[in-house]
Amino acid sequence: MTQDHKTTKPLDLITIGRSSVDLYGAQIGGRLEDMRSFEKYIGGSPTNIACGTARLGLKSALITGVGDEHMGRFIVEQLRAEGVNTDGVKIDPERLTALVLLGIRDSEQFPLIFYRENCADMGLTVDDIDEDFVRTARAVVATGTHLSHSRVAAATIKALHIARADSMRTALDIDYRPNLWGVAGHGDGESRFVESAAVTEKLQGTLHLFDLIVGTEEEFHIAGGTTDTIAALRAVRAVTAATLVCKRGAAGAVAFTGAIPDTLDKGVAGPGFPVEVFNVLGAGDGFMSGLLKGWMDGADWTTALQYANVCGAFAVSRHGCTPAYPSWDELQFFFGRGIKRPDLRNDAELEQVHWATNRAHDWSSVKTFAFDHRLQLEEMEGYTLAKGGAFKELCLDAALKVQGGMPGYGILCDNRIGRSALHRASGAGLWIGRPTEWPGSRPIELEPELGADYGKLREWAAGNVVKTLVFCHPDDDAETRAKQEEVVKRVWAASRRNGLEFLLEVIPSKVAPIDDGTTPRLIQQFYDAGVFPDWWKLEPFRTEAAWSNAVAAIERNDPRTRGIVVLGLDAPEDELAASFALAAKQPLVKGFAVGRTIFGDAARAWMKGEMNDIDAVTQMAGRFARLCHVWDQARVAAHAYVD
C-alpha cells in the first residue's frame, strides 16, 4: 500500500538516473553533420522529469552524477535555477559529465549521439544512495537506462527498496535507448527499438518494484518481450500490479489499472492534442512530468493523462527538452484559452506566457549600481579609454564589496569601456544589465558592436540583461515615434531570440514637459507596438498618482513582468531618499539603478589623479551601501504603511 497523496514530506518525488548536457543543433532541416552551431541545455530523462515536475509545482529532487568540471557545474546550476533539489547529485572527480549531440532534420528524423563512455552518472553506486534522503520524498521515479549496468542498477534498486519499505510511491519510465543497453551502435542513437531477450529479462526482473510504469508501445514491447502490444502489456501485467500507461503519440495515451483488455481503446483514455510535431526528443519526459503531477496530486487518470498529453504537446512543438516544458500557470492558461495555432512555438501569446513563467532566478529585490555611463566619463578631465576601463573595475569592486555574496544586488555596465568589469562580473551572483543604445541618441541609435542585424547579441553572456534607453515622449511626431518603436521592437525580439531578458528605460522628461500620465501613455504605446519588456526602468516620479498610473499600465498589459527599477538621474542622496520612499510603496518596483550619485565625485577625482584606487572604492562602496540601506528602510516603511 502506498502513501496517500496528501501525506506531507519535504519532497514530492526524487528521480534517479542519467543526466547530461544536451547540445542541440541550432539549424533545422539538416543532418547532424551539417550543424554549424548548438544550443546548450540540460538533459537526460530523470533530469528532464525533475525539472518538468518542478515547473508544475512539485517539490522535486534528482539523484545522479556529474563531473567536477564546467559541464557538471552547469547542470547543478540549471537544476537549482529550475527549483530542483540537488542534494542527491554526486560530484564525481574521476568521470566526465555525459554529453548528447542532437539535431532536428524533419518531423520524423532526429539524429543524436550519446557521449556516455563511463560518464559521471554511470558512476553512481549503492553507497551514493542516502536512505534518509530518499525517505524525505513521497515517491521515487526511475528510468530504464540505469537498469542497463550492474553498478547503477544496484544503486537504483536500493533506492526503490527503501521507497517500498517506507510505503512510498514508485514509478518507472521505461525510457528504452537500445544503444545505451549495448544492443545498437553509437551511430544509432535515434533508434527506439531493437529486440533483446537480455534486456527484456532484466526489465522483467524489476517491474514488480513499481506502482506506475510508463512507456511507448515499443517500450512495452521490450518490457514484455513481444512486438504484439496487447501481448506485451499482458506479459508485463503478469509480473506487476502497477498501473500501466501506454503512450500512443498523436493518439494520446491510455492507462490500465487492472487486467489488460483486448484492445488499447478499452483503457482509460487521454486524447492527444492536434499540434504540429517539430521535435519529439524529450516529449516523453514532458509527458511523464505532467502525468506525475496528476498522479502525485491525487487526480483521476483522465485528468492526469490530460496534463501529460498537454505537456507532451508543448515538448514536441519547441526546441530543446527541459526548456520546452510548461509551467503550471502556462498549463492553466492553455486549458483556458485552447489552441490558436498548431505550431505552438509561433503562438506569440502562448510563448510570452511560457517565457514569463519560466524565468530563472529570484530578482524580487534589485539594488543596482549603474556605471554603464560612457559619454559622462569620456567628457571628464584626464579620461582615456584605458583609464575608463580601469575605473569601471573599481566600480565593480565597490559593488561586490557591498554585495558581500548576498542576493538582490546588481550592476549596469557597458562593454565598450567596461568590458573587463562586465566579463569579470559574470557568475558573481549579480543582476547584470548591459546597454545597447548609443549615448544621448534621439532618435535612438544603437552601439555599433551589436551589428546591423543585432546578431552580436548572440555573443552576450547568458546572465546579461539587454538594456535599451529611449528618450521619448507621447507627443513625439509620428516619424520619430515609429523609428524609435521599430528599433526597440527589433532589439526586444533579438533579445528574446537569444534567451536574454530585456529592460526598457524611458525618459520623457528630457524631451518635453511631463505630468502624472506621461510615462503611462508611453508604456502603453510600447505595448501596443508589440514590445513586452521583462523590466522597466523609470524616472523617479513625484506623486503617488504617477506611480499608480505607471504600474497600472504595466500590469494591465503584462501581469507577469519582472518589475520596475527606478533610476537616479544624478540626484543628491536626500532627493533619492524622498523618491525611494514614494517608489517603495509599489510592490512592482523591485529596486533602483543609481550611478553618478555613487561614482561621480570619485570618477572626477580619480581621473585627475587626485584619488587612489582604495579611496575610490571605499567612497563608492559607502555611497552605494547607504542607498541600499535607504531603499531597504523605505521598503520596510512602505510595508508598515500598507499593513
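The values are calculated or read from the model by the stated rules, or taken from the named source; none is laboratory data. Bear in mind that the values here come from a model prediction, so they are computed numbers and not experimental data. Neighbour counts run over all protein chains shown; Cβ positions are idealised from the backbone, glycine included. Side chains are part of the model used for accessible areas, which takes the heavy atoms of the whole protein and leaves out ligands, DNA and RNA. Shrake-Rupley method; radii C 1.70, N 1.55, O 1.52, S 1.80 Å.
Scanning for something crowded, with 18+ Cβ neighbours inside 10 Å and of a type in the set (Ser, Thr, Tyr), does segment 156-168 turn up at least one residue? So far as segment 156-168 goes, yes, one or more of its residues are crowded, with 18+ Cβ neighbours inside 10 Å and of a type in the set (Ser, Thr, Tyr). Scanning segment 180-207 for residues that are within 33 Å of the chain's Cα centre (by Cα) and modelled with pLDDT of 75 or more yields 180, 181.
Looking across segment 42-76, the residues that are touching a residue at least 40 places away in the same chain (Cβ under 8 Å), open to solvent by 10 Å² or more (accessible area, probe 1.4 Å) and farther than 27 Å from residue 170 by Cα come down to 71, 74. The residue that is nearest to residue 133 (Cα to Cα), among those in segment 77-95 that are out of contact with any Asp or Glu (no Cβ under 7 Å at 6 or more places or on another chain) and among the charged types (D, E, K, R), is 87. For residue 223, are the conditions met, namely being small (Gly, Ala, Ser), surrounded by 20 or more Cβ atoms within 10 Å (Cβ to Cβ), farther than 21 Å from residue 125 by Cα and in contact (Cβ under 8 Å) with a residue 24 or more places away in the chain? Against the criterion (small (Gly, Ala, Ser), surrounded by 20 or more Cβ atoms within 10 Å (Cβ to Cβ), farther than 21 Å from residue 125 by Cα and in contact (Cβ under 8 Å) with a residue 24 or more places away in the chain), residue 223 qualifies.
Restricting attention to segment 282-294, the residues that are in contact with a strand residue (DSSP E or B) (Cβ under 7 Å, 6 or more places away or on another chain) and surrounded by fewer than 24 Cβ atoms within 10 Å (Cβ to Cβ) add up to 0.
Using the structure shown, decide if residue 469 is out of contact with any Phe, Trp or Tyr (no Cβ under 6 Å at 6 or more places or on another chain), open to solvent by less than 80 Å² (accessible area, probe 1.4 Å), farther than 18 Å from residue 523 by Cβ and touching a residue at least 12 places away in the same chain (Cβ under 8 Å). Judged against the criteria, residue 469 is not a match.
Entry remark, segment 77-92: residues being more than 30 Å from residue 28 (Cα to Cα), of a type in the set (A, V, I, L, M, F, W, C) and surrounded by fewer than 17 Cβ atoms within 10 Å (Cβ to Cβ) number 1 in total. Residues of segment 410-445 that are part of a strand (DSSP E or B) and open to solvent by 30 Å² or more (accessible area, probe 1.4 Å): none at all.
Note on segment 122-155: among residues that are among the basic types (Lys, Arg) and at pLDDT 95 or above, the one that is surrounded by the fewest Cβ atoms within 10 Å (Cβ to Cβ) is 135. Within segment 446-462, the only residue that satisfies the criterion of being open to solvent by 50 Å² or more (accessible area, probe 1.4 Å) and either under 18 Å from residue 371 (Cβ atoms) or in contact with a Lys or Arg (Cβ under 7 Å, 6 or more places away or on another chain) (or both) is 449.
Please tell me if residue 558 is modelled with pLDDT of 95 or more, open to solvent by less than 30 Å² (accessible area, probe 1.4 Å), closer than 28 Å to residue 333 by Cβ and of a type in the set (D, E, K, R).
Considered against the rule, which asks whether it is modelled with pLDDT of 95 or more, open to solvent by less than 30 Å² (accessible area, probe 1.4 Å), closer than 28 Å to residue 333 by Cβ and of a type in the set (D, E, K, R), residue 558 comes out as yes.
Looking at residue 95, is it open to solvent by less than 70 Å² (accessible area, probe 1.4 Å), touching a helix residue (DSSP H, G or I) at 6+ places or on another chain (Cβ under 9 Å), over 19 Å from residue 210 (Cβ atoms) and modelled with pLDDT under 95? Answer is no for this residue. Restricting 509, 495 to those that are in contact with a strand residue (DSSP E or B) (Cβ under 8 Å, 6 or more places away or on another chain), at pLDDT 95 or above and small (Gly, Ala, Ser) reduces the list to 495. Selection of segment 243-272 for residues being open to solvent by 60 Å² or more (accessible area, probe 1.4 Å) and of a type in the set (D, E, K, R) yields 248, 262, 265, 266. Within segment 9-59, the set of residues being outside any loop (DSSP other than H, G, I, E, B), of a type in the set (Gly, Ala, Ser) and farther than 23 Å from residue 167 by Cβ comprises 20, 25, 26, 43, 45, 52, 54.
Each row is one residue, and each column tells you yes or no for (1) without any contact (Cβ under 8 Å) to a residue 60 or more places away in the chain; (2) at negative phi; (3) open to solvent by 60 Å² or more (accessible area, probe 1.4 Å).
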residue	(1), (2), (3)
356	no, yes, no
360	no, yes, no
365	no, yes, no
373	no, yes, no
379	yes, yes, yes
384	yes, yes, yes
394	no, yes, no
401	no, yes, yes
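Looking at 605, 616, 621, can you tell me which residue is without any contact (Cβ under 8 Å) to a residue 24 or more places away in the chain, open to solvent by less than 30 Å² (accessible area, probe 1.4 Å) and over 30 Å from residue 551 (Cα atoms)?
Criteria check complete, one pass: 605.
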